[in-house]
Amino acid sequence: MRSGPDQLLVVTVPRPGSAIHQEIEQAMQGRGWTTASASQSANGAGMGVFRKPGREVAAMVIPARKPGDATTITYRLRQARAP
């Protein structure tokens, strides 16, 4: 989906949010992205921002509210802002 200049992708996964952050960061770095910032709360909610020249991806993790529910991950891709 597009939202202005951004491209959005929303996925759900049947895993705890706390387990997903490290996987996202490792996968992004393995594909040449640099971690610009990352935060995570005790319940698994959080966000990571990754950059490549001219591009930026933000991955926001929203953990399941109750056992058995899926964790939601929203990815936002945009052109990187000037430093």
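The values are calculated or read from the model by the stated rules, or taken from the named source; none is laboratory data. Predicted model only: the values in this text are computed from it and were never measured. Cβ sites come from the backbone with ideal geometry, for glycine too, and all protein chains shown count toward neighbours. Just so you know, the surface numbers come from the protein's heavy atoms only, side chains and all, with ligands and any DNA or RNA stripped out. Shrake-Rupley method; radii C 1.70, N 1.55, O 1.52, S 1.80 Å.
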For this session: Among what's in the stretch 4-23 and is closer than 17 Å to residue 78 by Cβ and touching a residue at least 12 places away in the same chain (Cβ under 8 Å), pick the residue that is least open to solvent (accessible area, probe 1.4 Å).
Result: 6
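Just wondering, is there one or more residues in the stretch 20-36 that are outside any helix (DSSP H, G or I), modelled with pLDDT under 85 and not β-branched (Val, Ile, Thr)? Break it down stepwise before answering.
Of the stretch 20-36, the ones outside any helix (DSSP H, G or I) are 31-36.
Retained after the next criterion (residues that are modelled with pLDDT under 85): none.
No - not one qualifying residue is present in the stretch 20-36.
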Exercise. In the stretch 42-74, which residue that is part of a strand (DSSP E or B), over 8 Å from the mean Cα position of the chain (by Cα) and hydrophobic (A, V, I, L, M, F, W, C) is surrounded by the most Cβ atoms within 10 Å (Cβ to Cβ)?
Worked result: 50
